[in-house]
Amino acid sequence: MTTYTAINLIKHHQGGHVDPSIFEVVEKTIPEVAPGQIVVKQNYMSLDPAMFGWMTPDMNSYIPPVALGDVMRSSGIGEVTVSNHPDFTVGDRVMGMMGWQEYYLGDGKGLNKVTADLPDESILSVFALPGLTATQGLFNVGKPQKGETLIVTGAAGSVGSIVGQLAKADGLRVIGVVGSQEKADWIVNELGFDAAINYKSDDLAEQLAKAAPDGIDVFFENTGGPIQNMIIDKMNAHGRVVVCGLISDYHSDTPAPGPSWLNVIKRRITIQGFTMPDHFHKVPELLEKLTPYVMAGKIKHRTHVLEGIESAIDGLNLFATGGNKGKLVVKL
């Protein structure tokens with residue numbers, strides 16, 4: 001193949017529903033492969049909530065936005081088809097930031113070889129950004145202790161589901177906040193969470209009181225929304241809040257007000273935001289921590305697969321509607 005499809009970002013995302021007009025679908029030609037370069041045929045691309053920040057013009061974020069006219073940023077997994085690089089061989093399975101394109105051409109910087117004998121979808125669902133994020137946020141920021149109570153929002157999502165299972169495996173009481181009864185049943189009956197709360201129901205305070213009779217020690221925040229204040233009100237002294245994402249605010253011009261700091265003072269709560277680019281140098285260490293849980297069968301997952309590169313455009317809106325069931329990936 002000498003041509004392939006790529007999708008460029010040509011306008012900034014302004015909030016709300018993702019308008020397809022901010023993207024341009026283009027056909028490219030695979031150029032001559034220079035010394036030190038490789039070509040990778042991507043098999044699957046990952047869709048992640050962080051993309052909403054990458055599509056804005058915000059230069060004060062943790063990572064520069066995607067430049068207009070450039071290929072949309074994303075991680076993926078694929079196979080090396082051409083190599084003029086001493087560290088890569090044709091047939092190597094690799095994972096990393098390769099963007100919304102069927103083929104990647106570059107020097108391989110930031111790509112990692114995949115050796116685990118698992119399907120591509122499972123690698124992206126567990127060992128890529130979701131698993132790394134869950135492992136870093138839970139263990140290195142949340143610092144859970146056996147016997148404590150953890151609550152995680154977005155609990156049926158790619159990160160939240162792994163956070164809850166890791167915590168449960170380490171002897172914590174685990175509560176998940178989700179957006180449907182189907183997701184509530186899944187995290188309790190399939191993943192082993194102790195309780196689930198549907199944030200779209202009316203009696204949130206009552207459900208929270210029932211689910212966390214002894215209060216909450218670790219709050220892993222992925223979504224924001226009205227339940228956030230209620231959770232902070234249930235935090236125990238010296239509780240830890242791990243702020244990983246706020247999907248409910250990614251589509252708003254004005255972020256929602258946060259909880260009162262009075263509880264932070266009275267209960268001596270530690271609140272820490274984190275993003276994975278700060279910790280990419282620790283990927284081997286994080287994988288070493290995560291892998292035993294996976295190999296012991298303690299981490300289950302489900303993958304929501306979209307077909308074809310152009311499905312990524314509308315696929316992003318599933319994050320806002322909650323229509324995704326598991327890790328969102330695009331099969332190329």
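What translational diffusion coefficient, to the nearest whole µm²/s, does the range 268-332 have by Stokes-Einstein, given a Kirkwood radius computed over alpha-carbon pairs, a temperature of 20 °C and 1.002 mPa s viscosity?
On the way: Rh = 15.0 Å.
This corresponds to a translational diffusion coefficient of 143 µm²/s.
Indicate, rounded to the nearest 5 percent, the antiparallel portion of the DSSP beta bridges found entirely in the chain. Don't jump to the answer; show the numbers that get you there.
Values: 30 of 56 bridges.
If we restrict to bridges inside the chain, about 55 percent are antiparallel.
With θ taken as phi - 60° and the coefficients 6.51, -1.76 and 1.60, list the Karplus ³J(HN,Hα) couplings across the range 212-223 in order, rounded to whole Hz; mark glycine and proline as x.
10, x, 9, x, 10, 9, 10, 10, 9, 9, 10, 10
In what sequence, largest accessible area first, do 240, 268 appear using a 1.4 Å probe? Before the final figure, lay out each step's value.
Numbers: 240 40, 268 120 Å².
Correct descending sequence by accessible area is 268, 240.
What FRET efficiency would be calculated for the residue pair residue 320, residue 200, taking the C-beta separation as r and a Förster radius of 22 Å, to the nearest 0.05?
Numbers: r = 14 Å, r/R0 = 0.62.
Computed FRET efficiency for residue 320 and residue 200 comes out at 0.95.
Filter the cross-link list 28/325; 183/331; 109/298; 11/109 down to pairs whose alpha-carbon distance in this structure exceeds 25 Å. Could you put the intermediate results ahead of the total?
Working: 28/325 32 Å; 183/331 23 Å; 109/298 32 Å; 11/109 27 Å.
28/325; 109/298; 11/109, as the Cα separations exceed 25 Å there.
For residue 143, go through the aspartates and glutamates and keep the ones whose alpha-carbon is under 19 Å away, minus same-chain ones fewer than eight residues off.
Within the straight-line cut-off, residue 143 pairs with 170, 214, 217, 221, 278, 285, 288.
Check which residues have an amide H placed less than 5 Å from residue 326's amide H, if you skip close sequence neighbours.
Amide H to amide H, under 5 Å and 5 or more residues apart or across chains, residue 326 pairs with nothing.
Have a look at 131, 53, 36 and tell me which one the Gaussian network model of the chain (Cα, springs below 10 Å) gives the largest fluctuation.
36
Separation between the residue 180 and residue 58 pseudo-spin-labels, each 7 Å from Cα along Cα→Cβ, expressed in nm?
2.8 nm
On a 0 to 90 degree scale, rounded to 10, what angle separates helix 283-295 from the longest Cα axis of the chain?
70 degrees
How much length, in nm to one decimal, is gained on full extension between residue 260 and residue 117, taken as 0.36 nm per residue of separation minus their Cα-Cα distance?
46.7 nm
I'd like the accessible area for residue 113, computed on protein heavy atoms only with a 1.4 Å probe and all protein chains in place. Round to 10 Å², please.
110 Å²
Please work out the Cα center distance from the range 156-198 to the range 260-332, rounded to the nearest Å.
13 Å
When you have a sec, figure out the Kirkwood radius of the range 165-205 from all distinct Cα pair distances and drop it here in Å to one decimal? Intermediate values should be presented prior to the final figure.
On the way: mean 1/r = 0.0960 Å⁻¹.
Over the range 165-205, the inverse of the mean reciprocal pair distance is 10.4 Å.
Please work out the Cα center distance from the range 70-109 to the range 206-243, rounded to the nearest Å.
41 Å
Can you put 281, 301, 85 in order of accessible area, largest first, using a 1.4 Å probe? Let's see the in-between values first.
Values: 281 140, 301 70, 85 40 Å².
Largest accessible area first, the list is 281, 301, 85.
With θ taken as phi - 60° and the coefficients 6.51, -1.76 and 1.60, list the Karplus ³J(HN,Hα) couplings across the range 117-127 in order, rounded to whole Hz; mark glycine and proline as x.
In residue order, the calculated couplings are 7, 9, x, 4, 4, 5, 4, 5, 7, 10, 8 Hz.
With the cut-off at 1.5 for a/c, could you classify the range 1-154 from its C-alpha gyration tensor as rounded, prolate or oblate? All intermediate terms of the calculation are to be shown ahead of the outcome.
Numbers: a/c = 2.28, a/b = 1.25, b/c = 1.82.
Oblate is the answer for the range 1-154, as a/c is 1.5 or above yet b/c matches or exceeds a/b.
So for 310, 79, 206, what's the accessible-area order with a 1.4 Å probe, most first?
On the way: 310 110, 79 90, 206 130 Å².
The residues order as 206, 310, 79, largest area first.
With 10 Å bins from zero, work out the P(r) of the range 52-95 over every alpha carbon pair and list the percent per bin.
Percent of Cα pairs in each bin: 24, 30, 27, 18.
Suppose each label sits 7 Å from its Cα in the direction of the beta carbon; what would the residue 145-residue 281 distance come out to in nanometres?
3.0 nm
Enumerate the whole-percent occupancy of each 20 Å bin, from 0 to the last occupied one, for all C-alpha pair distances of the chain.
Binned Cα distances yield the sequence 31, 57, 12, 0.
Considering only protein heavy atoms, what per residue accessible area in square angstrom results for the range 204-332 with a 1.4 angstrom probe?
Working: 6670 Å² over 129 residues.
On a per-residue basis, the range 204-332 sits at 52 Å².
So what is the calculated 222 nm ellipticity per residue for the chain, using -39500 (n - 2.57) for each DSSP H run with n of 4 or more, over all residues, to the nearest 500 deg cm²/dmol? Let's see the in-between values first.
Numbers: 10 runs with 71 residues, N = 332.
It comes out at -5500 deg cm²/dmol, rounded to the nearest 500.
The values are calculated or read from the model by the stated rules, or taken from the named source; none is laboratory data. Remember, it's a predicted structure, so these values are computed and weren't measured experimentally. Glycine also receives a Cβ, built like all others from the backbone with ideal geometry; neighbour counts cover every protein chain displayed. We work out accessible area using only protein heavy atoms, side chains counted, and drop any ligands, DNA or RNA first. Shrake-Rupley method; radii C 1.70, N 1.55, O 1.52, S 1.80 Å.
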